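Notes to accompany the following structure.
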Amino acid sequence: ETGVTQTPRHLVMGMTNKKSLKCEQHLGHNAMYWYKQSAKKPLELMFVYNFKEQTENNSVPSRFSPECPNSSHLFLHLHTLQPEDSALYLCASSQGTRTRYEQYFGPGTRLTVT
Amino acid sequence: QQQVKQSPQSLIVQKGGISIINCAYENTAFDYFPWYQQFPGKGPALLIAIRPDVSEKKEGRFTISFNKSAKQFSLHIMDSQPGDSATYFCAANYATGAGSYQLTFGKGTKLSVIP
């Protein structure tokens, strides 16, 4: 185990549903990340949080809404998604954003939008 | 300019053989080059990393070779085993300025090691 857990592991949702993904890290890290992983594409960084504050939003549509209540927990709230949003969503953490090259990833949530 | 180009997309190697995955970059500001390994159903995990002032780094059966002048780096897996079958991602890190950093990933190489 990497010390980063994600729930749920699989999620199927309709385009009108609202759901949330949860990530928790037990590593004492200060930076947390959300990535989207689609087949045959590079990992897409979505959001970066450092000490609970959002520091990066890489032009992510507003139907994805992140929340970071503390340095150990990260959520991704989903609403009115599109079929093209189906992907593996990965959470990661690192000691800080300066050491983001050494990230610890969770197992991901496989999201299917119907 | 922020891209890292990785090849091949997929690779099949016989058990005991050498697996070689290549990556190329353009941005000379990249200052750290990690490789990540991802097994099915798992997230990527840091495997090995190198700085551009080093030409080679070895950890067990895994070796990174770095060619700064050619802006290329590669992962070599010696004595490849079926348990090495996974997707491998190269990445490159750089400081964008004002205390901000960026890590760019390649598209990944799916390695299959057959008995």
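How crowded by other chains is B:17-29, given as the mean number of beta carbons from other chains within 10 Å of each beta carbon?
On the way: counts 0, 0, 0, 0, 0, 0, 0, 0, 0, 0, 0, 0, 0.
Averaged over the peptide's residues, the number is 0.
I'd like the mean, over residues of B:44-53, of how many other protein chain beta carbons sit within 10 Å of each residue's own Cβ.
Partner-chain Cβ atoms within 10 Å, mean over residues of B:44-53: 2.
With a cap of 13 neighbouring Cβ atoms within 10 Å, and only residues DSSP puts in a loop, list the trypsin sites (Lys or Arg not before Pro) found in segment B:11-115.
Here the sparse-neighbourhood loop sites are B:Lys15, B:Lys68.
DSSP loop chymotrypsin sites (Phe, Trp or Tyr not before Pro) in segment B:1-72 with at most 14 other Cβ atoms within 10 Å of their Cβ, which ones?
none
For chain A, calculate the relative contact order in percent as a whole number, restricting contacts to Cα pairs under 8 Å that are 6 or more residues apart.
37 percent
Over all directions, the average projected area of the alpha-carbon convex hull for the protein assembly as shown comes to how many nm²?
Its average projected convex-hull area is 12.5 nm².
May I ask which of B:Lys5/B:Lys68; A:Lys52/B:Lys68; A:Lys52/B:Lys107; B:Lys15/B:Lys57; B:Lys58/B:Lys107 have a Cα-Cα span longer than 25 Å here? Walk me through the numbers before you get to the answer.
Values: B:Lys5/B:Lys68 15 Å; A:Lys52/B:Lys68 37 Å; A:Lys52/B:Lys107 29 Å; B:Lys15/B:Lys57 23 Å; B:Lys58/B:Lys107 23 Å.
In this structure, A:Lys52/B:Lys68; A:Lys52/B:Lys107 lie more than 25 Å apart at Cα.
Take peptides A:25-33, A:82-90 and line them up by average Cβ neighbours within 10 Å, highest first, as a rough protection proxy.
The packing order, highest mean first, is A:25-33, A:82-90.
Can you list, by residue number, the Cys in chain A that have no neighbouring cysteine C-beta under 4.7 Å?
Isolated Cys, chain A: A:Cys68.
Using modelled amide H (1.01 Å from N, peptide plane; none on Pro or chain starts), what sits under 5 Å from the amide H of A:Met46, excluding residues fewer than 5 places away?
Under 5 Å from the amide H of A:Met46 lie the amide H atoms of A:Trp34, A:Tyr35, A:Lys36, each far enough along the sequence or on another chain.
If you average 1/r over every pair of different alpha-carbon atoms in chain B and take one over that average, what Kirkwood value in Å do you get?
For chain B, the Kirkwood estimate is 14.3 Å.
Quick check for me: using +1 on Lys/Arg Cβ and -1 on Asp/Glu Cβ, what's the dipole size of segment A:37-81 about its Cα centre, in debye to the nearest 20?
Using only the charged Cβ atoms, the result is roughly 200 debye.
So who's got an amide H within less than 5 Å of the one on B:Val113, skipping anything under 5 residues away but keeping other chains? H placed 1.01 Å off N, in plane.
The list, which skips near neighbours in sequence, is B:Val13, B:Ser85.
Counting pairs of Cα atoms in chain A, how many percent are more than 16 Å apart?
55 percent
By the scheme Lys and Arg +1, Asp and Glu -1, what is the net charge of all other residues having a beta-carbon under 14 Å from that of B:Ala92?
Counting the neighbours of B:Ala92, the net charge comes to +3.
Could you order peptides A:54-66, A:98-110 by the average number of other Cβ atoms within 10 Å of their residues, highest first?
In decreasing order of mean packing, A:54-66, A:98-110 become A:98-110, A:54-66.
Straight-line reach only, C-alpha to C-alpha below 12 angstrom: list the aspartates and glutamates that A:Lys36 could link to, leaving out same-chain residues fewer than 8 apart.
Once the sequence-local aspartates and glutamates are set aside, what remains near A:Lys36 is A:Glu44, A:Glu84, A:Asp85.
How high is the relative contact order of chain B, given as a whole-number percent (alpha carbon pairs under 8 Å, six or more residues apart)?
36 percent
What is the distance in Å between the Cα centres of segment B:1-26 and segment A:1-79?
Taking the Cα centre of segment A:1-79 as reference, the centre of segment B:1-26 is 28 Å away.
Just so you know, all these numbers are worked out from the coordinates, no wet-lab data involved. This one's a predicted model, so the numbers in the text were calculated from it and none came from an experiment. We place every Cβ from the backbone using ideal geometry, glycine too, and count neighbours over all the protein chains shown.
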